[in-house]
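The values are calculated or read from the model by the stated rules, or taken from the named source; none is laboratory data. Computed from a predicted model, the values in this text were never measured in an experiment. Reconstructed Cβ throughout: ideal geometry from the backbone, glycine too, with neighbour counts over all protein chains shown. The accessibility values were calculated without ligands, DNA or RNA, using every heavy atom of the protein model including side chains. Shrake-Rupley method; radii C 1.70, N 1.55, O 1.52, S 1.80 Å.
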Amino acid sequence: HGRVGWVIKFLSSFFQRRGGRYFMYAVAIDGSTSSTGIAAFQKKEELYAYLNHSVFSFEEEFGKAKYTKKTKTMSKTAYQRIHKQEKQNLMEQRVHFMMTHIAIFLDQYQPKMIVMEDTYGQNDMMTLKMLSRIQGAVIGWGLQHQAIVLLKAPSRWRKEVGIPLCDEQKVRYKREQLKQMSQQLVFDAYGLVVGDDAADAICMGLSLNT
């Protein structure tokens with residue numbers, strides 16, 4: 001068994017080499033509790049080249065959430081308690097779904113570089129908490145597999161790929177406008193028509209080349 005394992009390891013190493021140099025893969029992640037965009041890149045010479053992307057959507061997999069409706073006999077306090085618990089359970093299911101699919105994608109490409117959008121101020125503390133769990137899972141995968149994990153603020157990676165945050169009058173663009181710019185950048189670079197989650201992940205990966 002030891003010799004077979006060594007041969008498998010050697011062959012795996014051999015097919016990842018070209019001219020004595022390892023291929024290095026990178027993965028970019030636009031994490032979310034509802035729809036996560038993720039993209040894989042391969043380092044060629046000194047630049048990361050786009051390979052593939054995927055989007056993990058909880059609603060597409062399981063449908064829209066259904067909450068208990070308030071009845072006439074149900075007190076407001078009881079209804080709020082039930083709704084809060086149901087929302088908590090749903091968020092935990094979403095996080096488990098995202099962490100599982102992200103791990104599968106990472107296991108497939110075995111990247112040595114991971115770039116992920118950093119969690120930032122949220123009005124909803126529960127969402128911030130759940131996003132932090134997803135981020136923690138990615139950092140944990142990186143530690144286990146000796147991969148570098150870069151956390152970038154949205155403003156940083158957008159600036160690095162040339163997406164302006166403000167117009168000529170210094171008025172900040174809205175979130176929807178910024179996402180449209182990501183989609184346009186991906187189309188201009190690769191001719192791909194993708195959703196905003198995939199576009200943000202691909203652009204984040206491209207920021208590694210700056």
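Here are some notes:
- Measuring nothing but protein heavy atoms, the accessible surface of the chain at 1.4 Å probe radius is 54 percent carbon and sulfur.
- For the chain, the dipole from Cβ point charges (+1 on Lys and Arg, -1 on Asp and Glu) about the Cα centre works out to 720 debye, to the nearest 20.
- At an R0 of 30 angstrom, the distance between the Cβ atoms of Q177 and E60 translates into a FRET efficiency of 0.75.
- Note on the chain: with a GNM built from Cα contacts shorter than 10 Å, the maximum mean-square fluctuation among K152, K112, K66 falls on K66.
- Dipole-positive endmost among L165, L151, Q93 within segment 42-187 (Cβ charges, Cα centre): Q93
- Note on the chain: with a GNM built from Cα contacts shorter than 10 Å, the maximum mean-square fluctuation among T71, T119, T33 falls on T71.
- Dimensionless Rg ratio for segment 51-210, taking C-alpha atoms and the 2.2 N^0.38 Å reference: 1.24
- What the Cβ-Cβ distance of E92 and T210 gives, at R0 = 30 Å and to the nearest 0.05, is a FRET efficiency of 0.25.
- Pair I148, L51: separation of 7 Å Cα→Cβ label points (nm): 1.7
- Dipole axis of the chain (+1 Lys, Arg; -1 Asp, Glu on Cβ), positive-most option in T71, T210, V186: T71
- Hypothetical label at K159: residues of segment 118-149 whose amide nitrogen lies under 15 Å (7 Å Cα-Cβ projection): 118
- Charge sum, other residues only, whose C-beta stays under 13 Å from M204's C-beta, Lys/Arg counted +1 and Asp/Glu -1: -2
- Put a plus charge on the Cβ of each Lys and Arg, a minus charge on the Cβ of each Asp and Glu, and nothing anywhere else: the dipole of segment 91-210 about its Cα centre is then about 280 debye.
- Loop chymotrypsin sites (Phe, Trp or Tyr not before Pro), segment 93-197, which have at most 13 other Cβ atoms in a 10 Å radius of their Cβ (DSSP): Y120
- Inter-label distance for Q42 and D167, nm, one decimal - labels placed 7 Å from Cα along Cα-to-Cβ: 4.2
- Between K72 and S34, the modelled label-to-label distance comes to 3.4 nm, taking each label 7 Å out from Cα in the direction of the beta carbon.
- A viscosity of 0.890 mPa s and a temperature of 25 °C, combined with the Kirkwood radius over C-alpha pairs in the Stokes-Einstein formula, give segment 118-168 a diffusion coefficient of 191 µm²/s.
- For the chain, accessible area per residue (1.4 Å probe, heavy atoms of protein chains only), Å²: 63
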